[in-house]
Amino acid sequence: MKIDLTPILNGEVKELPFTFTENVPAETLESRFKGLDMAPDGDVTVSGKLTDISGYYEISLDASLRCATHCARCGKEMNTVCTCSLRLIASKDAERAEDEGYIVYSDREIELDGPVYEELSISFPSKPLCKEDCRGLCPVCGADLNTESCEHSEKEEKDTL
Ligand SMILES: [Zn+2]
Ligand SMILES: [Zn+2]
């Protein structure tokens, strides 16, 4: 995901819209999404714009990635869409590389992969739910309480009444 700065550098435009659709690279899955219970179920899509604000570039974008995961309560396989929004200042100063909200570039293009995938991995829900009121599994017998009831869950309900 690279923004080609040529039209901006040539002074043709002040604003550069962009969209990208791509497969999440395998090495990114290994490094960025390691430890997360998620498997991409489609391409990542990114859209936004770069604006030339005399002297520096401002980038704003939205990214989304559909992925497969498991419900944190009942363990059922489910799909979710991981989304994030980013605002970045593009800088040529390499010392900015570690600064929050900055993206460093060196030539005629800006590589977005790093910040986009980092933000997506941070935005991934730590406890995805198959539905808002998922009742989960019985801790004793493992029955899926969304579809069945067991003696333990019935007892629990009686106790709380
Ligand atoms: Zn569930
Ligand atoms: Zn039970």
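Read the figures in this text as sums done on the coordinates, not as results from a lab. All figures in this text were calculated on a predicted structure; none of them were measured in a lab. Neighbour counts run over all protein chains shown; Cβ positions are idealised from the backbone, glycine included.
Each residue of the stretch 120-135 was assigned a 3J(HN,Hα) from its phi angle through the Karplus curve 6.51 cos²θ - 1.76 cosθ + 1.60 (θ = phi - 60°); the sequence is 4, 5, 5, 7, 4, x, 6, 10, x, 10, 5, 7, 3, 10, 3, 8 Hz, with glycine and proline shown as x. With R₀ set to 22 Å, the beta-carbon distance separating V81 from E109 gives a calculated FRET efficiency near 0.20.
Positive-end ranking of V13, C74, A94 along the dipole of the stretch 12-161, with charges on Cβ about the Cα centre, is headed by C74.
By how many nm would the segment from K127 to S60 lengthen if fully extended, with 0.36 nm per residue of separation less the alpha-carbon distance? The partial results should precede the final answer.
Details: separation 67, 0.36 × 67 = 24.12 nm, distance 2.75 nm.
Full extension of this stretch gives 21.4 nm more.
With the Cα gyration tensor of the stretch 51-115 giving a ≥ b ≥ c as the square roots of its eigenvalues, does the rule (a/c under 1.5 for rounded; else a/b larger than b/c for prolate; else oblate) give rounded, prolate or oblate?
prolate
Amide H contacts for D41 (H built 1.01 Å from N in the peptide plane; partners 5 or more residues away or on another chain; cut-off under 5 Å): R66, C67, A68.
Proximity of backbone amide H atoms, modeled 1.01 Å from N, is registered between V24 and V44 at under 5 Å, excluding neighbours fewer than 5 places apart on the same chain. Shape class of the chain from the Cα gyration tensor (axes a ≥ b ≥ c, square roots of the eigenvalues): prolate, since a/c reaches 1.5 or more and a/b is larger than b/c. In the chain, the longest principal axis of the Cα atoms and the axis of helix 151-160 are about 90 degrees apart. Taking label positions 7 Å along the Cα-Cβ direction at both I53 and C150, the computed distance is 5.6 nm, reported to one decimal. The charge dipole of the chain, taken about its Cα centre with unit charges on the Cβ atoms of Lys, Arg (+1), Asp and Glu (-1) only, comes to about 200 debye. Rg/Rh for the stretch 19-82 (Cα atoms only, Rh after Kirkwood) is 1.13.
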